[in-house]
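What follows is a short report on a single structure.
The values are calculated or read from the model by the stated rules, or taken from the named source; none is laboratory data. Just so you know, these numbers come straight off a predicted model, no measurement behind them. Note: ideal-geometry Cβ built from the backbone for every residue, glycine included; neighbour counts use all protein chains shown. Side chains included, ligands, DNA and RNA excluded: accessible areas come from the protein's heavy atoms. Shrake-Rupley method; radii C 1.70, N 1.55, O 1.52, S 1.80 Å.
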Amino acid sequence: MAAGNLNRIIWLASFPKSGNTWTRIFLANLLMPPAEVPDINHLYKFTTADVRQDFFDRAAGGPFRAQSGEDWLRMRPKVLALIAGSKPGHHFVKTHSQIRNMGNVPLIPPEVTAGAIYLMRNPFDVLVSYARHLSQEIDATIEMMCNPEAMNATPTGILEIIGRWDQHLDSWAGAPGLNPFVLRYEDMVTEPEASFRKMTAYLGVNAGDGKLRKAIRAASFKKLQSQEQQRGFRERPEGMKQFFASGTSGGWRSKLSPEQITRVRDAFEPTLQRYYPELLDETAAAG
């Protein structure tokens, strides 16, 4: 991870529904003083995001309302510079954006970037979770995940350039000069202590075993579900009953049809071969 005294961004990057919220909560519990650790509805006190309306308003000098994608793109470099300078030292920023250029504008500019943690999750489980998140049919969500131009937009025109699942992963894992820390969601589930220990090593954080385990317990899905039941969750999409649903992996096996499994497998086979070869073997006869 890049060193230095500049205020720069450590990206917490992922395709949607791949463990970003879980990771932010873990890091907040690990790195913040115990009395200041935010609950799930106040994560903005620890991290920010590259779609924050208030930063776009500041960059625009008034309420930001994009009339086109070009309006958003012109504003993004100013916004990221403001975000990078908003806290002392390096700090975490959530993104679902790919690393790519649009025209001559890099969506993840090197000059504001100190490092990146990239969270990947197998596309079969992403599909089930993302469809639920969007209140959308599985087949429509497959089309989104296979669309190189897929994006999300806020009501004011702030965009997230997501693209295909495999494009997204490859753009971060293979970004020249970035050297991101790449972590599989599945390993976070099955080996949380080893996975988060590697993350802290990448960040240069020397956390004792007791502190690490305490942060992992505080970010457990059981605790997050309890918080959501008691207080709700401000990041939960309208119409969704529960954001923190299971926190497991492999649920796709009982949720997807053989035809759907085959579509996903065929669409992403080269990337699955690199990162999830065991799932290629398992799904080979799905159709």
Study note, to complete from the structure: The residue from Pro88, Pro38 that alone is buried (at least 16 other Cβ atoms within 10 Å of the Cβ) and outside any helix (DSSP H, G or I) is Pro38
**Study point:** Filter result for Leu27 (of a type outside the set (D, E, K, R), closer than 28 Å to Asp170 by Cβ and out of contact with any helix residue (DSSP H, G or I) (no Cβ under 9 Å at 6 or more places or on another chain))
**Key:** no
Point to revise | Cβ pairs under 8 Å, 6+ apart, first in the stretch 243-269 and closer than 12 Å to Val128 by Cβ, second at pLDDT 90 or above and not in a helix (DSSP H, G or I) | key: Ser249/Arg121; Ser249/Asn122; Trp252/Asn122; Val264/Leu256
Check your understanding: Pro77 fails exactly one of the following numbered conditions: (1) modelled with pLDDT of 95 or more; (2) within 22 Å of Leu178 (Cα to Cα); (3) open to solvent by less than 40 Å² (accessible area, probe 1.4 Å). What is the number of that condition?
Key -> (3)
Point to revise | Residue under evaluation Lys17, criteria (1) part of a loop (DSSP other than H, G, I, E, B); (2) out of contact with any strand residue (DSSP E or B) (no Cβ under 8 Å at 6 or more places or on another chain); (3) modelled with pLDDT of 95 or more, criterion not met | key: (3)
Check your understanding: Among Leu134, Leu169, Leu127, which is the only one that is in contact with a strand residue (DSSP E or B) (Cβ under 9 Å, 6 or more places away or on another chain) and of a type in the set (A, V, I, L, M)?
Key -> Leu169
Check your understanding: In the stretch 120-138, which residues are in contact with a helix residue (DSSP H, G or I) (Cβ under 7 Å, 6 or more places away or on another chain) and either assigned to a helix (DSSP H, G or I) or more than 30 Å from Ser195 (Cα to Cα) (or both)?
Key -> Pro123, Phe124, Asp125, Val126, Leu127, Val128, Tyr130, Ala131, Leu134, Glu137, Ile138
Study note, to complete from the structure: In the stretch 130-153, anything surrounded by 15 or more Cβ atoms within 10 Å (Cβ to Cβ) and modelled with pLDDT of 95 or more is listed as Ile138, Thr141, Ile142, Met144, Met145, Cys146, Ala150, Met151
Check your understanding: Which of the residues spanning the stretch 147-172 are assigned to a loop (DSSP other than H, G, I, E, B), over 13 Å from Phe56 (Cβ atoms) and either over 13 Å from the mean Cα position of the chain (by Cα) or among the small types (Gly, Ala, Ser) (or both)?
Key -> Asn147, Pro148, Glu149, Ala150, Gly163, Arg164
Check your understanding: So which residues in the stretch 204-218 are surrounded by 15 or more Cβ atoms within 10 Å (Cβ to Cβ), in a helix (DSSP H, G or I) and of a type in the set (Gly, Ala, Ser)?
Key -> Ala215, Ala218
Review point. Out of curiosity, is Asp166 at pLDDT 90 or above and closer than 26 Å to Leu31 by Cβ?
Key: no
Check your understanding: Could you give every pair whose Cβ atoms fall below 9 Å, whose first residue belongs to the stretch 104-121 and is closer than 23 Å to Ser249 by Cα, and whose second residue is open to solvent by 10 Å² or more (accessible area, probe 1.4 Å) and basic (Lys, Arg), counting only separations of at least 6 or pairs across chains?
Key -> Leu119/Arg184; Met120/Arg184; Arg121/Lys17; Arg121/Arg184
Check your understanding: Which of the residues spanning the stretch 266-286 are closer than 24 Å to Tyr118 by Cβ and open to solvent by less than 40 Å² (accessible area, probe 1.4 Å)?
Key -> Ala267, Phe268, Thr271, Leu272, Tyr276, Leu279, Leu280, Thr283
Exercise for review: Please work out which residue is modelled with the highest pLDDT, limiting yourself to the stretch 234-263 and to residues that are among the hydrophobic types (A, V, I, L, M, F, W, C), under 20 Å from Val189 (Cβ atoms) and under 20 Å from the mean Cα position of the chain (by Cα).
Suggested key: Trp252
Exercise for review: Mind listing whichever residues of the stretch 46-71 are in a helix (DSSP H, G or I), open to solvent by 70 Å² or more (accessible area, probe 1.4 Å) and over 18 Å from Ala84 (Cβ atoms)?
Suggested key: Glu70
